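Below is one structure, written out as structure tokens; the observations come after it.
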Amino acid sequence: MIRSLLLAASLVALAPAALAQTVAITGGKIVTNTAQGVIEDGTLVMRDGKIVSVGTGAPPAGATVIEAEGKWITPGLFAAFSRVGLAELNSEDPTNDTSAPGSDFQASLRAADSFNPDDTAIDVTRIEGFTRAAIVGSPANGLFGGYGALVDLSGGFQSIFARDVVMIAELGEAGAGAAGGSRSAAWHWLLTAIDDAKAYPRGFEDDGEGDLISRKEAIALKPVVEGRVPLMVEVHNASDILQLLTLRQREPRMKLVILGATEGWRVANQIAAAGVPVIVNPLTNLPDRFEILSATLENAGRLEKAGVTVAIADPNEATHNTRFILQLAGNAVANGMSWDAAFKAISSVPATLYGRTDLGVLRQGAIADVVIWNGDPLELMSSPDAVYIAGVSTPMESRQTKLRDRYLDLSEPLPQAYERQ
Amino acid sequence: MQVWKLIPLVALVSGACTTAPADTPADTAAATSHLSEPVKPMPSRVVYGADPYPSTYRPLPSDDVLIRNATVFDGLGGEIKGGAVLIQGGKITAVGSEAAMTLPAGIRTIDATGRFVTPGIIDIHSHLGVYPSPGISAHQDGNEVSGPVTAEVWAEHAIWPHDPGFTRAMAGGVTAMQILPGSANLFGGRGVIIKNVPARTAQGMKFPGAPYTLKMACGENPKRVYGYGGGRFPGSAPFSRMGNIAGYREAWQRATEYKRKWDKYNADFDAWEKKTKTPAEKADDKGPGDPPNAPDRNLELDTLMGVLNGEILVQHHCYRADEMAQVIDLSKEFGYKVSAFHHGVEAYKIADMLAKEEICGALWADWWGFKAEAYDGIRENIPMVHKAAGGCAIVHSDDANGIQRLNQEAAKALADGRKAGIDVSNAVAWTWLSRNPAKALGILDKTGTLESSKAADVVIWSGDPFSVYTRADMVFVDGAITWDRSDPARRPVVDFELGQPGEGDVK
């Protein structure tokens, strides 16, 4: 049974005709993430990689109809923060491109240049309902970690669909360590780097370097200080967040995103007033560091209530278990966040965070990233039946499902090495 | 000729070391016998107490209570709809239909309509207390990396009872756990089983009557920590998986010889003691002579000998299937049993072998890929270990966050198993969370299921415990309410959190 389903899924993905077809998914509960809200017994029509219509009408004549009665239809999930495709085995340096502690370049590094579409974590993540991800490196030699990119999770060579969408940096305890030992050193570093980049090319003309950073680094930071690319700063402590927010006055052109915000609930009104979105891990509730003593499971819900734009991800589970984001969102709901906000936090909010309004939503003209689920997608025991990326049905198999199928029956006469699906 | 005065046997086996050497001076004040010679006190057998750091745990105060109208998972695999659980004197006294119970007049009741009742979750793999929050350098007490064989260290000697993680685990319905040393070493030291209750001391948490355990570790960790000396290759043995096994064998061989010496000593002492009780038959009988000398004590080998004597349960960290198979042969070579393989990311490849050897697999639902030996992790590992005839699957955490949601980890594994055609009911899946860990820890006679006369270690869940939206409403340990989501007075705040931002907040 499983084999035949998997085989069918693979064939669909390989069929070039799929793109030209009109596909209608009918009878399911459609979560649009738009003003249309949730449509019961809805019909979604897609063609040529785009969504044609979302509503309750009958499927158009000639369309390939997929009956989805009792199913949930949602936009593909969008990992707001991930390192999928950057590390095959975290502990093996040759396969791990998440950071470059030995490089003199940091801000000028680009995660897209490290992306490996053959990374086995891509299939593993996609079959859980994720169609897109922001991939972001890790600061390792200073405050900046370089540019993040956007990828689809098809595993193809053309997966990268947007480069240089965000610059990652860190403050707080980690930033203090990276900057030489104190928060004041980190803050001074950040402001000096910003000033260098703003001054570029002035100030780089004689000896080729600014006060702090090199010419290449200044060039890389220029779009950030001019507000063309957001600066994502990992920061957790309430006071550290407030200090970061002062940058809104000093550098009004710059766009900020807070990664972490574990104590964000204590300064939620200030974050909301500053209009800065956050990416939180709603399950952080241990005082594991002195900068997060007030961590609580209710952080995400409290931020939502204060009017903060909330995305959900876990930077510490960003390579192999990016799929954990689903469980994070469900738990956010269990602890006070609305279902609607929690689901948007893993789909439409990440898309808009990176300037994409054509992803994470089911509306006419949007890219047809669509997932058919066998139940509430935030529930632990639900899973996708089908995952479409830009209208193309993708294989519901991974290296893990192949290992599973190989070992499900241990009584077969030949060694497992002879068994492949 | 000497005469020995018998000392009651009970004194020989009690308490800490009774180390009366054979050359104890004569007790000249003692009464004389028919042989009219001075009587010496009977030298005691050298016995080292098995429990020198005894539990001081006492159940918290509790009321008798009837939990009624619940969906009950009894932990044995049964589900009772509209069921009741009767708790009296800290014990479970009845489970099933309320109508069939004899209820004392005026017993307190809790209406659990729409809610679920289960045995408390037992995490067989935790480092709470030895790697507490905050995870500062001063708190890194879980790995005694001074050598690859440190069977002489005991996790309980490093447990910080004020770790906030204990209370977070409580909120997740965890009523007991095994605290293990880390996996740096081939032999990491003794683990300890605790009740998840707030206490001032580790002794105040120790699970009374639970056996000791021994942590061992396979694979990459010992190689990396020793052979590669934290990045400074070459370090010291083991450098390879060959070295790992050789290191185990060398230690087990020393333990075998140590045990032989103690067995001989005890046999010799028995014989000597017997002679002291046998009256001389001939005038020239020289009597029993001096008692035998006890072997020198070795704290490391004491623990290993405890395993060989079947008193200490082996908990072996091992990822790869082939390595688990080697360890099974190792255990047979030296005559002990592995209680559970921990992490066992490839356990599904040898589920039949584990079931045959009656070894449990203590596993994650979906962790994988963080190192080479975790590369082949699959989401169906737990149900595939369960499905082998006689298979024993356990959901474990090894993590201060994961321990808070072991029911959710079980739910994921259950769903993935069903998708692969492994049909397991929700109630049977609960055995992964309480009965099976209790079995692998040797405490199944005391807890792990809802059965009459067992400890009332019980959780009331707000709904289906396999739903992401469900929370633990109330947690009972030995019948006492240790956690109540609706009552801030029953949500413990540890010392570390006092006077800090967020004190007493919902966590």
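The values are calculated or read from the model by the stated rules, or taken from the named source; none is laboratory data. Because the structure is predicted, anything quoted here is derived from the model rather than measured. Using ideal geometry, Cβ is built from the backbone for each residue, glycine included, and neighbour counts are taken over all protein chains shown.
Would you check if there is a residue in the range B:371-381 being in contact with a Pro (Cβ under 6 Å, 6 or more places away or on another chain), polar (S, T, N, Q) and not in a loop (DSSP other than H, G, I, E, B)? Give the steps one after another, and end with the answer.
First pass over the range B:371-381, keeping only residues in contact with a Pro (Cβ under 6 Å, 6 or more places away or on another chain): none.
No: the range B:371-381 contains no residue that is in contact with a Pro (Cβ under 6 Å, 6 or more places away or on another chain), polar (S, T, N, Q) and not in a loop (DSSP other than H, G, I, E, B).
Determine which member of the set A:N374, A:N331 is on the phi < 0 side of the Ramachandran plot, of a type in the set (S, T, N, Q) and under 21 Å from the mean Cα position of the chain (by Cα). Even if it seems obvious, please write down each step before you answer.
On the way: A:N374 fails: under 21 Å from the mean Cα position of the chain (by Cα).
One residue alone meets the criteria, A:N331.
Quick one: in the range B:449-490, of everything that is among the basic types (K, R) and away from chain A (no Cβ under 12 Å), which residue is surrounded by the fewest Cβ atoms within 10 Å (Cβ to Cβ)? Reasoning before the result, please.
Applying the first criterion (among the basic types (K, R)) to the range B:449-490 yields B:454, B:471, B:485, B:490.
Those still in the list that are away from chain A (no Cβ under 12 Å) too: B:454, B:490.
Details: B:K454: 21, B:R490: 15.
Result: B:R490.
Taking the range B:491-507, which residues are within 30 Å of B:N426 (Cβ to Cβ) and within 11 Å of chain A (Cβ to nearest Cβ)? It would help to see each step written out before you state the result.
Restricting attention to the range B:491-507, the residues satisfying the condition of being within 30 Å of B:N426 (Cβ to Cβ) are B:491-492, B:506-507.
Matches in the range B:491-507: B:V506, B:K507.
Determine, yes or no, whether B:K286 is basic (K, R), under 20 Å from B:A440 (Cβ atoms) and either assigned to a helix (DSSP H, G or I) or away from chain A (no Cβ under 13 Å) (or both).
Details: basic (K, R): yes; under 20 Å from B:A440 (Cβ atoms): no; either assigned to a helix (DSSP H, G or I) or away from chain A (no Cβ under 13 Å) (or both): yes.
When the stated conditions are applied, B:K286 does not pass them.
Of a type in the set (V, I, T) and either at pLDDT below 95 or surrounded by fewer than 24 Cβ atoms within 10 Å (Cβ to Cβ) (or both): which single residue out of A:T98, A:T131 fits that description?
On the way: A:T131 fails: either at pLDDT below 95 or surrounded by fewer than 24 Cβ atoms within 10 Å (Cβ to Cβ) (or both).
Exactly one of A:T98, A:T131 is of a type in the set (V, I, T) and either at pLDDT below 95 or surrounded by fewer than 24 Cβ atoms within 10 Å (Cβ to Cβ) (or both), namely A:T98.
Go through the range B:284-299 residue by residue and tally those that are closer than 24 Å to B:T150 by Cβ and out of contact with any helix residue (DSSP H, G or I) (no Cβ under 8 Å at 6 or more places or on another chain).
Number of matching residues: 3.
Matching residues to (1) over 23 Å from the mean Cα position of the chain (by Cα); (2) within 11 Å of chain A (Cβ to nearest Cβ); (3) under 13 Å from B:I122 (Cα atoms); (4) not in a loop (DSSP other than H, G, I, E, B):
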{"position": "B:I394", "(1), (2), (3), (4)": "no, no, yes, yes"}
{"position": "B:A400", "(1), (2), (3), (4)": "no, yes, no, no"}
{"position": "B:R405", "(1), (2), (3), (4)": "no, yes, yes, yes"}
{"position": "B:Q408", "(1), (2), (3), (4)": "no, yes, no, yes"}
{"position": "B:K412", "(1), (2), (3), (4)": "yes, yes, no, yes"}
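For the list (1) in contact with a Pro (Cβ under 6 Å, 6 or more places away or on another chain); (2) more than 11 Å from chain A (Cβ to nearest Cβ), I need the number of the one condition that B:G390 fails.
Here B:G390 meets the rest and fails (1).
Do you know which residues across the range B:150-178 are within 30 Å of B:M242 (Cβ to Cβ), in contact with a helix residue (DSSP H, G or I) (Cβ under 6 Å, 6 or more places away or on another chain) and buried (at least 21 other Cβ atoms within 10 Å of the Cβ)? Break it down into steps so the answer makes sense when it comes.
First, pick out the residues of the range B:150-178 that are within 30 Å of B:M242 (Cβ to Cβ): B:150-155, B:178.
Those still in the list that are in contact with a helix residue (DSSP H, G or I) (Cβ under 6 Å, 6 or more places away or on another chain) too: B:151-152.
Listed by number, the list holds a single entry, B:A151.
Can you tell me which condition B:V314 does not meet? The list is (1) under 21 Å from B:V192 (Cα atoms); (2) assigned to a helix (DSSP H, G or I), and all the others hold.
(2)
May I ask you to verify whether B:P181 is over 16 Å from the mean Cα position of the chain (by Cα) and either closer than 24 Å to B:H139 by Cα or surrounded by 21 or more Cβ atoms within 10 Å (Cβ to Cβ) (or both)? Give the derivation first.
Working: over 16 Å from the mean Cα position of the chain (by Cα): no; either closer than 24 Å to B:H139 by Cα or surrounded by 21 or more Cβ atoms within 10 Å (Cβ to Cβ) (or both): yes.
So B:P181 fails the test.
I'm trying to understand the selection: among the residues of the range B:441-469, which are over 28 Å from B:L180 (Cβ atoms) and touching a strand residue (DSSP E or B) at 6+ places or on another chain (Cβ under 7 Å)?
Result: B:S452, B:S453, B:I460, B:S462, B:G463, B:D464.
Could you list, ordered by first residue, the pairs with Cβ atoms under 8 Å in which the first is in the range A:324-348 and more than 10 Å from chain B (Cβ to nearest Cβ) and the second is among the hydroxyl-bearing types (S, T, Y), at least 6 apart or interchain?
A:F343/A:T74; A:S347/A:T74
For the range B:495-507, enumerate the residues that are touching an Asp or Glu at 6+ places or on another chain (Cβ under 7 Å) and buried (at least 19 other Cβ atoms within 10 Å of the Cβ).
Step one: filter the range B:495-507 for residues touching an Asp or Glu at 6+ places or on another chain (Cβ under 7 Å), giving B:497, B:503, B:506.
Within the range B:495-507, just B:E497 meets the criteria.
Pick out the one residue from B:F496, B:F466 that is in contact with a His (Cβ under 7 Å, 6 or more places away or on another chain) and either modelled with pLDDT of 95 or more or at positive phi (or both). Don't jump to the end; show me each part of the working.
Numbers: B:F466 fails: in contact with a His (Cβ under 7 Å, 6 or more places away or on another chain).
Of the residues listed, the single one that is in contact with a His (Cβ under 7 Å, 6 or more places away or on another chain) and either modelled with pLDDT of 95 or more or at positive phi (or both) is B:F496.
It is to be established whether one or more residues within the range B:178-196 are charged (D, E, K, R) and either modelled with pLDDT under 95 or in a loop (DSSP other than H, G, I, E, B) (or both). Spell out the reasoning first.
To start, the set of residues in the range B:178-196 that are charged (D, E, K, R) comprises B:190, B:195.
Restricting the remaining residues to those that are either modelled with pLDDT under 95 or in a loop (DSSP other than H, G, I, E, B) (or both) gives none.
No, there is no match, as no residue in the range B:178-196 is charged (D, E, K, R) and either modelled with pLDDT under 95 or in a loop (DSSP other than H, G, I, E, B) (or both).
How many residues are at the interface with chain A (Cβ under 7 Å from one of its Cβ atoms) and hydrophobic (A, V, I, L, M, F, W, C) when one looks only at the range B:351-366? Let's see the steps before the verdict.
We begin by selecting, within the range B:351-366, every residue at the interface with chain A (Cβ under 7 Å from one of its Cβ atoms); these are B:351-352, B:366.
Subsequent filtering for residues that are hydrophobic (A, V, I, L, M, F, W, C) retains B:351.
Qualifying residue count, the range B:351-366: 1.
For the range B:216-224, does any single residue satisfy the condition of being assigned to a helix (DSSP H, G or I) and either buried (at least 24 other Cβ atoms within 10 Å of the Cβ) or touching a strand residue (DSSP E or B) at 6+ places or on another chain (Cβ under 6 Å) (or both)? Walk me through it before giving the result.
The initial filter retains those residues of the range B:216-224 that are assigned to a helix (DSSP H, G or I), namely B:220-224.
Okay, now just the ones that are also either buried (at least 24 other Cβ atoms within 10 Å of the Cβ) or touching a strand residue (DSSP E or B) at 6+ places or on another chain (Cβ under 6 Å) (or both), so B:222.
Yes; the residues of the range B:216-224 include at least one that is assigned to a helix (DSSP H, G or I) and either buried (at least 24 other Cβ atoms within 10 Å of the Cβ) or touching a strand residue (DSSP E or B) at 6+ places or on another chain (Cβ under 6 Å) (or both).
Before we move on, is B:G106 part of a loop (DSSP other than H, G, I, E, B) and either surrounded by 15 or more Cβ atoms within 10 Å (Cβ to Cβ) or more than 27 Å from the chain's Cα centre (by Cα) (or both)? Lay out the reasoning, then the answer.
Values: part of a loop (DSSP other than H, G, I, E, B): yes; either surrounded by 15 or more Cβ atoms within 10 Å (Cβ to Cβ) or more than 27 Å from the chain's Cα centre (by Cα) (or both): yes.
Considered against the rule, which asks whether it is part of a loop (DSSP other than H, G, I, E, B) and either surrounded by 15 or more Cβ atoms within 10 Å (Cβ to Cβ) or more than 27 Å from the chain's Cα centre (by Cα) (or both), B:G106 comes out as yes.
Kindly indicate whether B:Y336 is closer than 16 Å to B:K259 by Cβ and either not in a helix (DSSP H, G or I) or not aliphatic (A, V, I, L, M) (or both).
Working: closer than 16 Å to B:K259 by Cβ: yes; either not in a helix (DSSP H, G or I) or not aliphatic (A, V, I, L, M) (or both): yes.
Here the answer is yes, as B:Y336 does meet what is asked.
Scan the helices (runs of 4 or more DSSP H) fully inside the range A:184-268 and keep the ones with 1 or more residues being β-branched (V, I, T).
Numbers: elements: A:215-225, A:238-245, A:247-250.
Here the list reads A:215-225, A:238-245.
Please specify each residue of the range B:254-283 satisfying the condition of being within 30 Å of B:N221 (Cα to Cα) and in contact with a helix residue (DSSP H, G or I) (Cβ under 8 Å, 6 or more places away or on another chain).
Filtering the range B:254-283 down to residues within 30 Å of B:N221 (Cα to Cα) leaves B:254-259.
If the condition is that a residue be within 30 Å of B:N221 (Cα to Cα) and in contact with a helix residue (DSSP H, G or I) (Cβ under 8 Å, 6 or more places away or on another chain), then B:R254, B:A255, B:T256, B:Y258, B:K259 are the ones that fit.
Can you tell me which of A:I213, A:I292 is surrounded by 22 or more Cβ atoms within 10 Å (Cβ to Cβ), over 16 Å from A:V310 (Cβ atoms) and at pLDDT below 95? Lay out the reasoning, then the answer.
Details: A:I292 fails: at pLDDT below 95.
It is A:I213.
Go through (1) in contact (Cβ under 8 Å) with a residue 40 or more places away in the chain; (2) within 29 Å of B:I193 (Cα to Cα); (3) surrounded by fewer than 20 Cβ atoms within 10 Å (Cβ to Cβ) one by one and return the number of the condition B:N293 breaks.
All conditions are met except number (2).
Which ones in the range A:60-90 are closer than 21 Å to B:G369 by Cβ and assigned to a strand (DSSP E or B)? I'd like the intermediate steps shown before the answer.
Residues of the range A:60-90 that are closer than 21 Å to B:G369 by Cβ, as a first pass: A:77, A:79-90.
Residues satisfying the conditions are A:L77, A:A79, A:A80, A:F81, A:S82, A:A87.
Of everything in the range B:369-384, what is under 22 Å from B:K215 (Cβ atoms) and within 11 Å of chain A (Cβ to nearest Cβ)? Give them in sequence order.
Matches in the range B:369-384: B:F370, B:K371, B:A372, B:E373, B:A374, B:G377, B:N381.
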